[in-house]
1. Which residue pairs have Cβ atoms under 9 Å apart, sit 6 or more places apart or on different chains, and have a first residue in the stretch 1-23 that is of a type in the set (F, W, Y) and a second that is in a strand (DSSP E or B) and modelled with pLDDT of 95 or more?
2. Tell me the residue from L92, L84 that is modelled with pLDDT under 90 and more than 30 Å from E6 (Cα to Cα), please.
3. Considering only the stretch 39-48, state which residues are open to solvent by 90 Å² or more (accessible area, probe 1.4 Å) and more than 20 Å from S156 (Cβ to Cβ).
4. Modelled with pLDDT under 90 and either open to solvent by less than 40 Å² (accessible area, probe 1.4 Å) or among the β-branched types (V, I, T) (or both): is that true of S115 in this structure?
5. When you look at R140, is it open to solvent by 70 Å² or more (accessible area, probe 1.4 Å) and modelled with pLDDT of 90 or more, yes or no?
6. Can you find a residue in the stretch 49-57 that is surrounded by fewer than 17 Cβ atoms within 10 Å (Cβ to Cβ) and assigned to a loop (DSSP other than H, G, I, E, B)?
7. List the pairs whose first member sits in the stretch 35-58 and is more than 22 Å from Y71 (Cβ to Cβ), whose second member is open to solvent by 90 Å² or more (accessible area, probe 1.4 Å) and modelled with pLDDT of 90 or more, and whose Cβ atoms are under 7 Å apart, counting only residues at least 6 apart or on separate chains?
8. Among the candidates I94, I109, single out the residue that is more than 20 Å from H59 (Cβ to Cβ) and either among the polar types (S, T, N, Q) or open to solvent by less than 80 Å² (accessible area, probe 1.4 Å) (or both).
Amino acid sequence: MKAIVEGLLFLSGEDGLTLEEISCVIEKDIDEVKLIIKELYNDYSNDTRGIQIEFLGNHFKLATKKEHKEYYKKLVSDDENSILSQSALETLAIIAYNAPITRIEIDNIRGVNSSYVVRKLLLKGLIEEVGRSDAPGRPRIYNVTPRFLDYFGLGSIDELPKLEEKQEIIDEEKYLFESKYKEEI
């Protein structure tokens, strides 16, 4: 059964498979699938092969080991795997923290037109259209994809660093302003 699950993970590629999907294909219950995945994980962890099993989002998949990444980079240097620009990272952060979100809302937060960046992120598969807003013109609504989680090595969106509370920043700035410009009596 381990060999079958390993083959399934290989065939699924970068999309990976959930426990439920594996269970459905091999016709075993979830607990048995968990045991098989755990055995495979241990096999790869205790081996000198260049691949491992990763859990990203809610999917299991085969992936290359990070300690060999400098060699893999030499082989894979196409535009799809290129480094993200500052504007792309900024836009991704806005979408990740505010999703679901429209492009107009992204533009309002960034202060510039984000059409080009949103298109590039869609092409890279880091974001996806998840519906349409009820606002006039019915603009598209975007969210990050499992590929986004994979790209940044996150198991779920909840693993993103927490943002500082906006009110704390406003209070601190107000205090600094008042203390600097306070009139002496």
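The values are calculated or read from the model by the stated rules, or taken from the named source; none is laboratory data. All values reported here derive from a predicted model rather than from experimental measurement. Neighbour counts are summed over all protein chains in view; Cβ atoms, including those assigned to glycine, are modelled from backbone coordinates with ideal geometry. Each accessible area value is taken on the protein alone, full model and side chains, heavy atoms only, with ligands, DNA and RNA left out. Shrake-Rupley method; radii C 1.70, N 1.55, O 1.52, S 1.80 Å.
1. Here the result reads none, with nothing in the stretch 1-23 linked to a residue that is in a strand (DSSP E or B) and modelled with pLDDT of 95 or more.
2. Working: L92 fails: modelled with pLDDT under 90.
Answer to the selection: L84.
3. Listed by number, the residues that qualify are N46, T48.
4. Details: modelled with pLDDT under 90: yes; either open to solvent by less than 40 Å² (accessible area, probe 1.4 Å) or among the β-branched types (V, I, T) (or both): yes.
Yes.
5. It is true that R140 is open to solvent by 70 Å² or more (accessible area, probe 1.4 Å) and modelled with pLDDT of 90 or more.
6. Checked the stretch 49-57: at least one residue is surrounded by fewer than 17 Cβ atoms within 10 Å (Cβ to Cβ) and assigned to a loop (DSSP other than H, G, I, E, B).
7. From the stretch 35-58, the pairs are I36/M1.
8. I94
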